[in-house]
Amino acid sequence: MTIRVVVAEDQAAVRAGLVLILRSAGDIKVAGEAGDGEEAVRLARELRPDLVLMDVQMPRLDGVSATRQVVEEGLADVLVLTTFDLDEYVFGALRAGAAGFLLKNADAAELIEAVRTVARGEGLIAPAVTRRLIAEFAAPRPARTAPAPERAAAVASLTRREREVLGALGEGLSNAEIAERLGMAEATAKTHVSRLLGKLELRSRLQAAVLAQELGI
């Protein structure tokens, strides 16, 4: 299967490098290039790619707002490029439903594998990065609010197996790792994750991981 990608990065030289790397992979096709968030959303609507590789800091429309539009309209999965300063851009992208995060200094092999991972529906890429993000985002803060009553009720209604899957997501495990831990086929683990996201009305595995951390599951 060919993975169709839109690359959204405002720095032309960086964008050209990303495109060159992705085109070196036989199973990845760069369907379009965007220099700002508005163009990224327009191309996602027009081309319906499998994935948008999205820089968070871009002109006209920032990557967080662009991610939110792409996800809410169901246009594509979004893999966010970040320097990982743990700033509001990163947290905003998480809330907007980004499927994964990739450091800008990642090498070519890591970039290609990240795209393949997200395209497979494995939102939690680069475990060390993701776990750090989850831990930081879920850290206690005076202003942090409890989950909405509707979501709390949905969590309370989870089966034992669903709670186990949610807990595994909270640890940043992939579908294969969840399957191994819980003694099931990888396809079954993927199905459990999809149902769990729907039940909890979450946009991404990463959001489920943060919720698990917040609830101590």
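The values are calculated or read from the model by the stated rules, or taken from the named source; none is laboratory data. In this text, all values refer to a predicted model and were calculated from it rather than measured experimentally. Cβ coordinates were reconstructed from backbone atoms using ideal geometry, including for glycine residues, and neighbour counts include every protein chain displayed. Areas reflect the complete protein model, heavy atoms only, side chains present, ligands, DNA and RNA absent. Shrake-Rupley method; radii C 1.70, N 1.55, O 1.52, S 1.80 Å.
One table, with the values for the structure above:
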quantity: So Thr117, is it open to solvent by less than 50 Å² (accessible area, probe 1.4 Å), closer than 18 Å to Thr2 by Cβ and of a type in the set (S, T, N, Q); calculated: yes
quantity: Complete set of residues in region 23-47 that are in contact (Cβ under 8 Å) with a residue 40 or more places away in the chain and touching a strand residue (DSSP E or B) at 6+ places or on another chain (Cβ under 8 Å); calculated: Asp27, Ile28, Leu47
quantity: Leading residue by the ranking (most open to solvent (accessible area, probe 1.4 Å)) among those in region 1-14 that are under 20 Å from the mean Cα position of the chain (by Cα) and charged (D, E, K, R); calculated: Arg4
quantity: Residue within region 191-198 that is in a loop (DSSP other than H, G, I, E, B) and not hydroxyl-bearing (Ser, Thr, Tyr) present; calculated: no
quantity: Flag for Arg181 being in a helix (DSSP H, G or I), touching a residue at least 24 places away in the same chain (Cβ under 8 Å) and surrounded by fewer than 21 Cβ atoms within 10 Å (Cβ to Cβ); calculated: no
quantity: Looking only at region 64-99, and only at residues there that are at pLDDT 90 or above and of a type in the set (S, T, N, Q), the one that is farthest from Leu202 (Cα to Cα); calculated: Ser65
quantity: Members of region 48-71 found to be surrounded by fewer than 24 Cβ atoms within 10 Å (Cβ to Cβ) and either touching a Leu at 6+ places or on another chain (Cβ under 7 Å) or in contact (Cβ under 8 Å) with a residue 60 or more places away in the chain (or both), listed by number; calculated: Arg48, Asp50, Val71
